[in-house]
Amino acid sequence: MNSTSKSKHLWNLFWKLANPKVFMGWSGRWLPWLSWLTVLFLGSGLIWGFFFTPDDIRQGSTVKIIYLHVPAALMAINGYLLMFVGSLMWLIRRQHVSVLAAKAAAPVGMTMTLIALATGAIWGQPMWGTYWVWDPRLTSFLIMFLFYAGYIALWAAIDDDDTAADLTSVLALVGLGLCLAQPLCSFVLEPRPASGYNGYSDRWNQAREYFECIFSTAVAYDAGVWTAFSNSSTNWYAH
Amino acid sequence: MISVLAVRSGGGFGLALVFFLIVVVLIPLGLGPDQSTLALVAPGLLWLGALLACLLSLDRIFGLDYEDGSLDLLATSPLPLEAVYIAKAAAHWLTTGLPLALAAPLLGVLLNLSFDAGKAMCFSLLLGTPALSLIGAFGATLTLGVKRGGLLLSLLVLPLYVPTLIFGARAVRSASLGQAFDVPLIIVLAISLGTVAILPFASGAALRINLR
């Protein structure tokens with residue numbers, strides 16, 4: 001009984017935040033705190049990951065790029081998810097905050113995709129012996145990057161905000177179907193992973209490293225939310 | 001009817017085909033005339049050429065009709081905008097995709113493509129170009145109100161073309177190596193069927209948004 005009333009309360013809060021004015025006041029109050037939290041987390045997370053974790057038996061210190069690479073890749077995909085859900089909610093319920101979230105998620109996702117691609121290439125050079133292979137996973141990330149670019153360009157190209165919101169939402173919905181079905185199809189035809197990438201290192205089983213990875217993921221989320229909030233403060237409701 | 005109009009609207013019909021021919025002529029000039037190299041790269045480059053030729057005429061699909069107001073007339077007609085989109089995409093396919101698919105095996109001869117691979121080329125383009133036209137026409141509905149939206153249109157459409165290109169070119173590559181090519185061909189067909197099932201609704205919505 002108590003838990004249902006609590007979840008109902010949260011649900012009400014959720015829809016109350018759908019009011020742009022309420023949301024802007026709320027996010028404005030949180031933004032300074034989040035900024036400091038981001039600086040703190042990003043600094044401590046990266047220093048911890050790069051300097052205070054042991055080397056891998058086989059990969060040496062190269063493995064440490066994982067603390068940047070994996071969270072960035074997760075955030076890249078989740079950015080798309082946020083964009084998709086925000087667009088869907090905008091088309092169904094016409095709440096400006098949701099499409100605003102979708103708009104703010106795109107640059108975050110694109111940047112994270114770029115970071116994931118770059119760190120992956122830097123890791124790949126000593127491990128695979130090459131910066132880049134045309135493996136389905138890598139290819140689909142590159143295509144996701146291009147798709148983010150197209151989404152952002154469409155926002156920028158259309159003058160009327162409501163038209164732009166509608167058209168980009170349609171694009172985000174279609175893109176999920178066509179773009180993200182592609183890696184699935186590729187794996188059907190080419191199920192073997194790229195050479196040299198066979199599962200995880202032994203140390204992955206250790207709880208400590210697990211926690212380290214969760215921490216670095218939380219850092220990426222925090223950075224992402226912060227960027228999205230600061231993007232949304234320069235939004236089109238201001239005028 | 002719309003197909004006839006698409007042919008007569010000037011430049012669209014022959015242009016894509018001639019562009020395709022020029023691309024095929026330029027490839028050996030850039031790569032060198034070595035026959036084995038040409039046969040190796042021919043499947044992918046022919047698909048790429050067809051894709052670019054398709055891209056060339058996309059902003060024509062709705063552009064003129066939007067400017068002179070015919071699209072508003074079509075929107076007020078009893079035909080739903082989803083059907084208008086399908087008719088437009090079909091017209092685009094009949095004037096670019098179909099001629100490209102029929103011409104590709106002939107142009108493949110210039111690139112030392114074997115007879116079997118040429119056959120696979122024709123099949124894969126026949127099955128794949130409907131998806132190219134449908135996705136392209138969808139992109140055209142999105143960029144309808146954008147002035148000089150050609151570049152934006154390519155940026156939106158090309159990432160969506162990737163799956164079709166991958167499997168279409170793979171079918172031809174498999175055929176040129178003497179392997180079975182039915183699986184990629186079926187996937188290409190699946191992509192075309194998937195787009196014809198989903199995209200009319202997305203494009204109808206985009207047309208309505210642009211016309212309001």
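Read-outs throughout are calculated quantities, based only on the coordinates presented, and are distinct from any laboratory measurement. As the structure is a prediction and not an experimental result, all values here were calculated from the model. Backbone-built Cβ (ideal geometry, glycine too); neighbour counts: all protein chains shown.
Take each residue of peptide B:137-147, count the partner chain Cβ atoms within 10 Å of its Cβ, and average: the result is 4. In loop segments of segment A:1-68 as defined by DSSP, the chymotrypsin sites (Phe, Trp or Tyr not before Pro) with at most 14 further C-beta atoms inside 10 Å of their C-beta are A:F52. Overall form of segment A:46-188: prolate. Here a/c, set by the Cα gyration tensor axes a ≥ b ≥ c, is 1.5 or more, and a/b is the larger of a/b and b/c.
Counting only other residues whose beta carbon sits under 12 Å from that of A:A18, what net charge do I get with K and R as +1, D and E as -1?
Working: positive: A:K16, A:K21, A:R93, A:R94; negative: none.
Once positives and negatives cancel, what remains is +4.
Quarter the surface of the alpha carbon convex hull of segment A:36-106 and you get the mean projected area, 6.0 square nanometres. The Stokes-Einstein estimate for segment A:117-164, based on a Kirkwood radius over Cα pairs and taken at 20 °C with 1.002 mPa s viscosity, is a diffusion coefficient of 169 µm²/s.
Along segment B:62-71 the Karplus relation, 6.51 cos²θ - 1.76 cosθ + 1.60 evaluated at θ = phi - 60°, assigns HN-Hα couplings of 10, x, 5, 5, 5, 5, 8, x, 5, 5 Hz to successive residues, with x for each Gly and Pro.
Where does the charge balance sit around B:A140 when Lys and Arg score +1, Asp and Glu -1, over other residues with C-beta under 11 Å from its C-beta?
On the way: positive: B:R60, B:K88; negative: B:D59, B:D65.
Charge balance in the 11 Å sphere: 0.
Using the Cα gyration tensor of segment A:1-124, with a ≥ b ≥ c the square roots of its eigenvalues, what is the shape: rounded (a/c below 1.5), prolate (a/b larger than b/c) or oblate (neither)?
On the way: a/c = 2.40, a/b = 1.91, b/c = 1.26.
Because a/c hits 1.5 or more and a/b exceeds b/c, segment A:1-124 counts as prolate.
Applying 0.36 nm per residue to the separation of B:V25 and B:T37 and subtracting their alpha-carbon distance, the gain on full extension is 2.8 nm. Hey, what did segment B:1-139 get for relative contact order, percent, Cα under 8 Å, at least 6 apart? Contact order relative to length: 36 percent. The packing ranking, built from the mean of other Cβ atoms within 10 Å per residue, places the peptides A:98-104, B:142-148 in the order A:98-104, B:142-148, highest first. Across segment B:83-212, the relative contact order, built from alpha-carbon pairs under 8 Å that are at least six residues apart, equals 32 percent. Below 8 Å, C-alpha to C-alpha, sequence gap of six or more: please give me the relative contact order for segment B:150-212 in percent. Dividing the mean separation by the residue count of segment B:150-212 yields 24 percent. Loop-located trypsin sites (Lys or Arg not before Pro) in segment A:1-98 (DSSP state other than H, G, I, E, B) with a sparse environment of at most 11 neighbouring Cβ atoms within 10 Å: A:R58.
Our coupling estimate for segment A:36-51, obtained by passing each phi through the Karplus curve with A = 6.51, B = -1.76, C = 1.60 and θ = phi - 60°, is 5, 4, 5, 4, 4, 5, 5, x, 5, x, 5, 5, 4, x, 7, 10 Hz, Gly and Pro reported as x. Cα centroids of segment A:10-56 and segment A:111-180: 24 Å apart.
Mean per-residue shielding of peptide B:158-167 is 6, counting Cβ atoms of other chains within 10 Å of each Cβ.
Calculate the mean, over all residues of peptide B:206-212, of how many other protein chain Cβ atoms lie within 10 angstrom of the residue's Cβ. Write out the running numbers ahead of the final one.
Values: counts 7, 0, 1, 10, 4, 0, 4.
Going residue by residue through B:206-212 and averaging, the value is 4.
If you take every residue apart from B:L48 with its C-beta less than 15 Å away from the C-beta of B:L48, what net charge results, scoring Lys and Arg +1 and Asp and Glu -1?
Details: positive: B:R170, B:R173; negative: none.
That sum, taken over residues with Cβ under 15 Å, equals +2.
Mind listing which chymotrypsin sites (Phe, Trp or Tyr not before Pro) in segment A:88-146 are in a DSSP loop and have 14 or fewer other Cβ atoms within 10 Å? Working shown, then result.
On the way: sites: A:W90, A:W123, A:W128, A:Y131, A:W132, A:W134, A:F141, A:F145; in loops: A:Y131, A:W132, A:W134.
In loop regions of segment A:88-146 (DSSP not H, G, I, E or B), the sparsely surrounded chymotrypsin sites (Phe, Trp or Tyr not before Pro) are A:Y131, A:W132, A:W134.
Per the Kirkwood treatment, what hydrodynamic radius in Å, one decimal, follows for segment B:1-159 from the mean inverse distance over all distinct Cα pairs?
About 16.4 Å for segment B:1-159.
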